[in-house]
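Working notes, beginning with the structure itself.
The values are calculated or read from the model by the stated rules, or taken from the named source; none is laboratory data. Owing to the predicted nature of the structure, the values given are computational and were not obtained by experimental measurement. In this analysis, Cβ positions are derived from the backbone assuming ideal geometry, glycine residues included, and neighbour counts consider all displayed protein chains.
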Amino acid sequence: MREDASLERYILDILEEQLYQRGLHASSPLLEDGLLDSLGFVDLILRIEQDLNVTIGVEDTDLDVFATPRSIAEHVGRIRADASGPRGVTTTPLRDGNA
């Protein structure tokens, strides 16, 4: 499974669990539809940081980044790619698309 598809599924799984909402899609508008409030936003960031061993800084919390599960997955993918770059920092791999 491709890393970006795996990250999308991971983000969707977290959101469905956190929001008690089934049937979310990668393009579901989280903020526009009011699915993700400020507390949910913080919970989501903390969960991603803990599960994937990444740091999402204040500069990474642009609301456009958190507009949809796909945009979140793309951004987390970039953070993971940057973290595994020349600095030698490692991140926790996704397990077979199921976090």
Mind checking which pairs have a first residue in segment 50-70 that is at positive phi and a second that is modelled with pLDDT under 80, Cβ under 7 Å, 6 or more apart or different chains? Asn53/Thr91; Asn53/Thr92
Hey, could you check segment 1-31 for residues that are at pLDDT 90 or above and of a type in the set (D, E, K, R) and say which is surrounded by the most Cβ atoms within 10 Å (Cβ to Cβ)? Glu8
One residue is enough: does segment 39-53 have a residue meeting the conditions surrounded by 15 or more Cβ atoms within 10 Å (Cβ to Cβ) and in a loop (DSSP other than H, G, I, E, B)? no
